[in-house]
Each structure stands twice: as structure tokens, then as C-alpha cells.
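Down below is the structure, laid out as C-alpha cells.
No lab work stands behind these numbers, since they all come straight from the coordinates. The structure displayed is predicted, hence computed values, not measured ones. Methodologically, a virtual Cβ is constructed for each residue, glycine included, from the backbone with ideal geometry; neighbour enumeration extends over all protein chains shown.
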Amino acid sequence: MNLTPGGNAPLIAQDLRVRVISGGPVDASAFRLFADGKVRGDSDMVFYGQPRNEDGSISFSTEGTNSVFTVDLSRLKPDVQKVAFTVTCDGSHTVSSLNHLSIQIESGNTSLISGQVELSGRQEAA
């Protein structure tokens, strides 16, 4: 399945790896969002400075310039509506300077969903 930027997709597998593949350094984050579309606190955010949330449902690691989130859907709090993934560029760089940016969602050794972000002409840093 091919995912468009800002899109979402239902998932059947319980244990997932969400791989953010970029052509340069980025700060990737995952956010547990609730019915109001917001996090409730710091424990709902996972990133390099907080590589695991309190219930272990989401953890963060790196593989070179790639960011990898391990997500155990069975451990998510029942009132979590969705998990959002974001990237921000380091320093004064913009998204277009990354050369490529994609996301791949895997279960085991199987790629379930992938998406490519069109970077041409993009000036934002996030």
C-alpha cells in the first residue's frame, strides 16, 4: 500500500516497525494522540531524547540517518486514537535539502505500507 503525506491507514499487525528514511539528518518523533487530537503530556511523545514511553508501546532507535520506531499496538492505551510521526530538519536546513524522505511500515520482514514525500520546492523545516 502506498501512503500519501498526511494520510493514514488501518493496520492489522500488532508489532510494527516504522522506518523514516531520509537523505540527511532529521529529528523524528512519534506522538500518541487522543480524541481531541492532542497529546496529554510528555509521556505521549517519543524521540531521541525520550526513546521509550512509559508503557513501552513505542520506542525509538536509529540506523545510520534512518529513524526507527517500534510500535506494539497491543500495548497502546485503549483511548489512543492514533499515532502521528513527524520529522524536523536540523539547524537552518529545509525539507527540500534532504534529497529524499520516505516512510516504511513493516511487520516482521514484510513491508506493509510505504510512502514517499515529494520534496521539490519545499521550504518548511518540519
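A simple rule links phi to the HN-Hα coupling: the Karplus curve 6.51 cos²θ - 1.76 cosθ + 1.60 with θ = phi - 60°, which for the range 53-62 gives 8, 5, 9, x, 6, 9, 9, 10, 8, 10 Hz, with x for Gly and Pro.
Amide H contacts of ILE113: ILE105, each under 5 Å away and 5 or more positions distant or on a separate chain (H built 1.01 Å from N in the peptide plane; Pro and chain starts excluded).
For a paramagnetic label modelled on SER120 (point 7 Å from Cα along Cα→Cβ), amide N atoms under 16 Å away belong, within the range 87-110, to 96-101. Sparsely packed loop sites in the range 1-101 (the chymotrypsin sites (Phe, Trp or Tyr not before Pro) outside DSSP H, G, I, E and B with at most 11 other Cβ atoms within 10 Å) do not occur. Per 5 Å bin from zero, what fraction in whole % of the C-alpha pairs of the chain is there, up to the bin with the longest pair? For the chain, the pair-distance distribution reads 2, 11, 21, 24, 21, 14, 6, 1.
Placing a pseudo-label 7 Å from each Cα along the Cα-to-Cβ vector at ALA13 and LEU73 gives an inter-label distance of 1.0 nm.
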